[in-house]
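The values are calculated or read from the model by the stated rules, or taken from the named source; none is laboratory data. Quick caveat: nothing in here was measured; it's all calculated off a predicted structure. Neighbour counts run over all protein chains shown; Cβ positions are idealised from the backbone, glycine included.
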Amino acid sequence: MSAMEASSLGTVKPVPSRSMETQTESPAKRDNATTGPRVFPDPREQPTMTIPEAGSWVGLNRNGAYAAAAAGILPTIAISAHKRVVPTAALAAKLGLDAA
């Protein structure tokens with residue numbers, strides 16, 4: 001049913017349409033617009049990051065980041081049997097960034 005929807009009583013009620021004016025930007029786009037470009041974290045302030053966060057710095061999605069970590073492409077440290085993190089300084093060095 002296009003712009004109308006039948007109720008259980010057999011009457012028809014209008015369904016509000018989602019025009020372009022009512023749709024909002026995603027929070028990520030909105031935040032990026034207000035905060036400017038991303039800045040690589042200072043290793044002294046954030047010594048480690050999650051694998052998906054590290055993957056986002058090299059253009060990988062979540063699954064790609066975990067695959068890169070498993071292959072040894074992303075440097076990781078084992079915190080426990082099931083938890084690995086990426087050292088911020090090691091990733092900065094691998095990316096050729098000044099690690100501060």
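Here are the numbers:
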{"item": "Single match in 38, 62, 18, 30 (criterion: farther than 29 Å from residue 83 by Cβ and at pLDDT 55 or above)", "result": "18"}
{"item": "Spans of helices (runs of 4 or more DSSP H) in the range 41-100 with at least 2 residues under 17 Å from the mean Cα position of the chain (by Cα) and surrounded by 13 or more Cβ atoms within 10 Å (Cβ to Cβ)", "result": "51-57, 62-70"}
